[in-house]
Amino acid sequence: MKNDYTGPLWPALLVCCAPSLVWAEDSDFFKDSTATLQARNYYFQRNYLDIRGAEKPKAEEWAQGFILNFKSGYTPGPIGFGIDGIATLGLKLDSGTGRVGTGLLPIKDSGAPADDYSRVGLTLKARVSKTEFEFGELQPDIPVLPFSDIRLLPPSYQGASFSSSEFAGLTLQGGRIKSTSLRNEAGDEKLTTILGYIPQRKASSDAFNYMGGDYSFNESHTTVSGWYAQLEDIYRQSYIGIKHNQALGPWAVTATLAQYDAVEDGDHLIGDVDNRALYGTLGIARSGHTLTAGYQKMYGDTGFPRVFANIAPLANELPTYDFSSQGEVSYQLRYDYNFAAAGIPGLLFSTRYVQGSNVETGRGYEGKDTERDIDMSYVIQGGPVKGLGIRLRDAVARSNYRTDIDEYRVVLSYTWKLL
């Protein structure tokens, strides 16, 4: 079993926290501590129907994951200290050479799937007033680096960050990330990128730096955001966006409008980067029903850049296609229903359809693609297995320049509260 943990944090942890922990037993350090253990059983099948670049007709794996999360409170005093930890374990239930590549399990040099993989990560944290600092294992969820817990185990990053809420309605964040632990790996990896849907494996970066903030006003109905990110020597990216939600009688209306702007950085390790992404959404909801429409447009000479293997933080990002290729224009229609409105709490339904066109394929023709997803999920509300979650997904993706895909996922999850 391969184990990796952020060992260098221990010296800092002992030096900074040990004096406080001697007298912290009755403090908020313990009173505010939480610990959970989640078991996640994941079956994933992806069928490649019309091969365009893929080397096999199918990726199919079944695995069991465990995610242990511990979060302490803070020691008392003007500067409070705390410790967070995460431990993950992934176990192969069914896979084999020729069926790898789902993102659930590591792949050995031989091309066979690993039987298991695990990791332990620690985070030292400090709080001054309403500002928090973290050093070690990080899982940011921000517009320039969204959290993508979409496989068996969550990814993580290693670095330092801060978050400040000193002013009412305003949250500021920033950080410097040096490496990543991918969703199906135990060790630390250097940071790389994707342009559109194509991984850029020829170059890696020494750090990802980010800074930004969100300001909510109008009784928290409106939020404006501004962010800046730099994947050193690869790309620089800015983000501006606005979100608004409003009740209109029995209806609830939500709207977003945002733009990303990216160019190459430093030594241009992957060459030129030139992308501007504009998107907007409008949603209306009533009595458990929600209908959402989305528009997305790529400008510039390259696709949308993001840190590998993260999801794209765009309106029309879907499980299989992200509709972020060079020049692409896409439209989305989505419908959600919460069965609690019909007296069945815990049962959710969602379906999405996105159509894209105007892709610059470089092959002398216009690229087009579509994707349709159906999701059903249910969390058992009572009895001996109360809290057990079941999620089903069926996805159909078609393209004239990418591989056609049919995809199925079945996910069972259960979380125990330990503290």
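R0 = 22 Å: FRET efficiency of D394 with F339, Cβ-based, nearest 0.05? Approximately 0.75, to the nearest 0.05. Of all stretches in the chain that contain no GluC sites (Glu not before Pro) in a DSSP loop with at most 12 other Cβ atoms within 10 Å, the longest one is 220-419. Extension gain, S129-S377: 0.36 nm per intervening residue step, less the Cα-Cα distance, totals 85.3 nm. In terms of its Cα atoms, segment 192-419 spans 58, 43, 41 Å along the principal axes, sorted from long to short. Just checking the listed ones, G121, G362, G241: in the Gaussian network model of the chain with Cα springs under 10 Å, the one fluctuating most is G362. Divided by 2.2 N^0.38 Å, where N counts the residues, the Cα radius of gyration of segment 138-183 comes to 1.31.
Charge dipole of the chain (Cα centre as origin; +1 on each Lys and Arg Cβ, -1 on each Asp and Glu Cβ, all else neutral): 900 debye, rounded to the nearest 20. Here the label points at Y299 and I240, each 7 Å from Cα along the C-beta direction, are separated by 1.1 nm in the simple model.
Could you state the angle between the C-alpha long axis of helix 9-21 and the longest principal axis of the C-alpha atoms of the chain, as a value from 0 to 90 degrees rounded to the nearest 10? Rounded to the nearest ten degrees, it is 40. Note on L278, L314, L104: ascending count of other Cβ atoms within 10 Å places them as L278, L314, L104, the fewest first.
Cβ crowding within 10 Å, taken as a proxy for footprinting-reagent exposure, orders Y353, Y239 from fewest neighbours to most as Y353, Y239.
Here, each number is a calculation from the coordinates, and none is a lab measurement. What you see is a predicted model, and the numbers here were worked out from it, not measured in a lab. Don't worry about glycine lacking a Cβ; one is built from the backbone with ideal geometry, like all the others, and counts go over all protein chains shown.
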